[in-house]
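Worksheet: the structure to be examined is printed underneath.
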Amino acid sequence: MPPHDDIDAMMDVMECAFDPAFGEAWTRAQLTGGLIMPGTQYAIIGSDGRFDGPFDASNEAAGFAVVRTVLDEAELMLIAVAPRWRGRGYGRHLLIDVIDRAAVAGVTRLFLEMRSDNPARALYEGIGFCPVGRRPKYYKGRDGIRRDAVTYAIEPVAGQPYY
């Protein structure tokens, strides 16, 4: 079980990072339950750009990522950067950390899924994720509009310069 401080830090980011119109944020119970599942890891990046805490007023959590690995495949379940810390490379730093850890763990394919109009698409594609699947009208936003889900994948290579 992750420390409560880490869950608090991730929830602080979650509450401001996800637009409520899409209903993508997880509840505290969903996050806690997800983090105790076998093969699940997480990383939190501080406002100082480092991955080690503690996270407090002088070094608040700027973003986090949650990944679940099963055998030689992994899925990026969540990645978020608080709006006030966006544009500083923290999302890219988190994503590269996820890819590097996956490669070291022997993961041969790392997946993520997002709604088709998610602006993070540029980050994922810029690092090398490629679309491998689409689910038409999979997500229904609180606005009633149905959006496609797009699945992306990358083959992690340790030490690869994804910049």
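The values are calculated or read from the model by the stated rules, or taken from the named source; none is laboratory data. The structure presented is a predicted model; accordingly, all values stated were derived computationally and were not measured. For neighbour counting, all protein chains shown are included, and Cβ atoms are generated from backbone atoms with ideal geometry for every residue, glycine included. Surface areas here come from the heavy atoms of the whole protein model, side chains and all, with no ligands, DNA or RNA. Shrake-Rupley method; radii C 1.70, N 1.55, O 1.52, S 1.80 Å.
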Subject >> Failed item in (1) part of a strand (DSSP E or B); (2) among the aliphatic types (A, V, I, L, M); (3) modelled with pLDDT under 95, with Met1 passing the rest >> reply: (1)
Subject >> Hits in the stretch 34-69 - residues which are surrounded by fewer than 12 Cβ atoms within 10 Å (Cβ to Cβ) and outside any loop (DSSP other than H, G, I, E, B) >> reply: Asp56
**OP:** Please list, ordered by first then second residue, the pairs with beta carbon atoms under 7 Å, 6 or more apart or interchain, first in the stretch 131-144 and touching a residue at least 24 places away in the same chain (Cβ under 8 Å), second assigned to a strand (DSSP E or B) and open to solvent by less than 70 Å² (accessible area, probe 1.4 Å).
**Re:** Tyr139/Arg115; Tyr139/Arg147; Tyr139/Ala149; Gly141/Arg147
Subject >> Evaluation of Ala103 against (1) touching a strand residue (DSSP E or B) at 6+ places or on another chain (Cβ under 8 Å); (2) open to solvent by less than 80 Å² (accessible area, probe 1.4 Å) (one fails), failing number >> reply: (1)
Subject >> Residue among Ala21, Ala25, Ala29 that is in contact with a Lys or Arg (Cβ under 6 Å, 6 or more places away or on another chain), over 21 Å from Arg88 (Cβ atoms) and either outside any loop (DSSP other than H, G, I, E, B) or aliphatic (A, V, I, L, M) (or both) >> reply: Ala21
